[in-house]
Number of protein chains: 2
Amino acid sequence: MGLAINAVHLSYVVHVLGVAGAVMVLFWNIYFRGGLAWSSSTNKNLIFNVHPVLMLIGLVIMGGEALVLGIIGIYMAFKNHNESGIANLYSLHSWIGIGVIVLYGVQWIYGFLVFFYPGGSGELRKESVPWHVLFGMFIYILVVANSALGFLEKLTFLESSGIEKYGSEAFLVNFTAIVAILYGTFVLLTALSRAPTEDNHHYSAI
Amino acid sequence: MGLAINAVHLSYVVHVLGVAGAVMVLFWNIYFRGGLAWSSSTNKNLIFNVHPVLMLIGLVIMGGEALVLGIIGIYMAFKNHNESGIANLYSLHSWIGIGVIVLYGVQWIYGFLVFFYPGGSGELRKESVPWHVLFGMFIYILVVANSALGFLEKLTFLESSGIEKYGSEAFLVNFTAIVAILYGTFVLLTALSRAPTEDNHHYSAI
């Protein structure tokens with residue numbers, strides 16, 4: 001993987017640009033546009049202002065961060081394998097991992113081009129939204145499932161090399177995987193839930 | 001697992017009752033109720049008749065079949081382990097498998113009691129439907145993901161005992177897991193899609 005150092009270096013650039021972008025969009029909306037508000041009886045524009053802030057910091061920056069960290073994470077497995085003489089890309093975890101990072105990249109780039117810059121036509125955006133959401137949830141489910149595959153694979157290697165099957169490390173790894181699955185479940189539930197309304201701030205249902 | 005023989009014997013009873021129930025609901029709707037139809041301009045009742053047939057054969061019989069086959073499948077792993085002196089219930093695959101079969105059982109029994117017999121109130125059914133669907137899809141995702149975990153775990157054992165990492169068996173197992181994931185994806189997509197309408201038999205979207 002000759003791209004190794006490039007990916008790490010690029011991630012520095014991404015971080016700097018990400019922090020800059022987050023500061024700039026916050027500054028724009030707070031200083032120039034009057035601030036952010038969940039609800040306001042006098043200035044409804046404050047409600048809109050939350051939109052560019054969350055889309056940039058959430059989907060573009062944190063989503064891009066996730067992509068870069070994913071690429072570095074994958075690289076570290078290849079690096080270890082190559083330096084230890086271990087075979088690459090034979091396991092289901094590795095196959096799904098490569099597939100998912102490619103799908104994630106396609107999804108991210110598509111979202112960037114159509115919804116952010118340069119931006120597609122209104123019709124294209126409107127038609128893209130449900131498929132983009134569905135594809136994103138599909139990729140996210142694969143990401144969570146593949147993390148469970150990775151925990152199981154690594155622990156199976158360790159146990160076949162002698163660590164305790166019912167020991168503290170084994171339990172920690174299994175419970176980490178279960179926490180990851182529960183985390184992913186609640187992320188998806190949140191994505192599928194309604195936002196709270198003025199009248200009922202605690203209401204949330206499918 | 002002292003329930004072993006009981007589960008296998010019970011599955012015979014379930015099969016007989018299942019075949020009987022399927023024949024009876026088909027006979028009722030075809031012989032007494034005039035038949036089944038996707039569309040009809042003269043007798044709309046034929047459209048309704050598809051409902052009890054698919055609910056009984058699909059959710060109740062095939063869903064129950066799936067539960068029984070799942071229990072027998074789990075039992076066979078314990079049987080092999082116990083007869084070979086292999087530890088039980090230490091792996092993530094086994095933990096999630098037990099959890100999922102319990103959740104599947106709860107879901108199936110709840111559905112049977114509320115929607116089939118004795119049946120809940122109209123209000124309870126109405127409120128239950130979206131949660132029942134969501135919970136069912138959640139369980140199904142876990143089922144598919146756990147099958148991938150199982151394929152990976154078994155193959156990792158086999159490869160650490162010497163089978164080829166890039167051999168035909170390894171490829172068959174990995175591709176079986178990928179086909180299972182694609183199958184599950186299209187099952188969920190189908191569940192989320194619209195039924196075709198009179199005007200547009202090929203239309204299907206989220």
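The values are calculated or read from the model by the stated rules, or taken from the named source; none is laboratory data. Bear in mind that the values here come from a model prediction, so they are computed numbers and not experimental data. Quick reminder, even Gly has a Cβ in these numbers, built from the backbone with ideal geometry, and neighbours come from all protein chains shown.
Worth pointing out:
- Any chance B:I101 is of a type in the set (V, I, T) and not in a helix (DSSP H, G or I): no
- As a summary of the residue check, A:S39 satisfies the conditions (1) surrounded by fewer than 13 Cβ atoms within 10 Å (Cβ to Cβ); (2) closer than 30 Å to A:V102 by Cα except for the one numbered (2).
- There is at least one residue in the range B:153-166 that is within 30 Å of A:F171 (Cα to Cα), of a type in the set (F, W, Y) and surrounded by fewer than 16 Cβ atoms within 10 Å (Cβ to Cβ).
- Here A:G2 meets the list (1) part of a helix (DSSP H, G or I); (2) modelled with pLDDT under 85; (3) not hydroxyl-bearing (S, T, Y) almost entirely, failing just condition (1).
- In the range B:143-173, residue nearest to B:L92 (Cα to Cα) [restricted to those that are at the interface with chain A (Cβ under 7 Å from one of its Cβ atoms) and outside any helix (DSSP H, G or I)]: B:K165
The rows are residues; the columns are (1) under 17 Å from the mean Cα position of the chain (by Cα); (2) within 27 Å of A:L56 (Cβ to Cβ).
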{"residue": "A:I96", "(1), (2)": "yes, no"}
{"residue": "A:V133", "(1), (2)": "yes, yes"}
{"residue": "A:G162", "(1), (2)": "no, no"}
{"residue": "A:F175", "(1), (2)": "no, no"}
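- Subset of the range A:154-183 [under 15 Å from B:A87 (Cβ atoms) and among the basic types (K, R)]: A:K165
- Flag for B:W108 being touching a Gly at 6+ places or on another chain (Cβ under 7 Å), at pLDDT 90 or above and surrounded by 13 or more Cβ atoms within 10 Å (Cβ to Cβ): yes
- Candidates in the range B:174-192 are the residues that are among the β-branched types (V, I, T) and facing chain A (nearest Cβ under 8 Å); of these, the one that is surrounded by the most Cβ atoms within 10 Å (Cβ to Cβ) is B:I181.
- The range B:119-131 - residue that is within 22 Å of the chain's Cα centre (by Cα) and without any contact (Cβ under 8 Å) to a residue 12 or more places away in the chain and, of those, farthest from the other protein chains (Cβ to nearest Cβ): B:G119
- For the range A:84-97, filtered to residues that are of a type in the set (A, V, I, L, M) and more than 18 Å from B:F151 (Cα to Cα), the residue that is surrounded by the fewest Cβ atoms within 10 Å (Cβ to Cβ) is A:A87.
- Here B:L89 fulfils each of the conditions (1) within 12 Å of another protein chain (Cβ to nearest Cβ); (2) within 23 Å of A:F157 (Cβ to Cβ); (3) assigned to a helix (DSSP H, G or I) apart from (3).
- Qualifying positions in the range A:19-57 - small (G, A, S), in contact (Cβ under 8 Å) with a residue 12 or more places away in the chain and part of a loop (DSSP other than H, G, I, E, B): A:G34, A:G35, A:A37, A:S39
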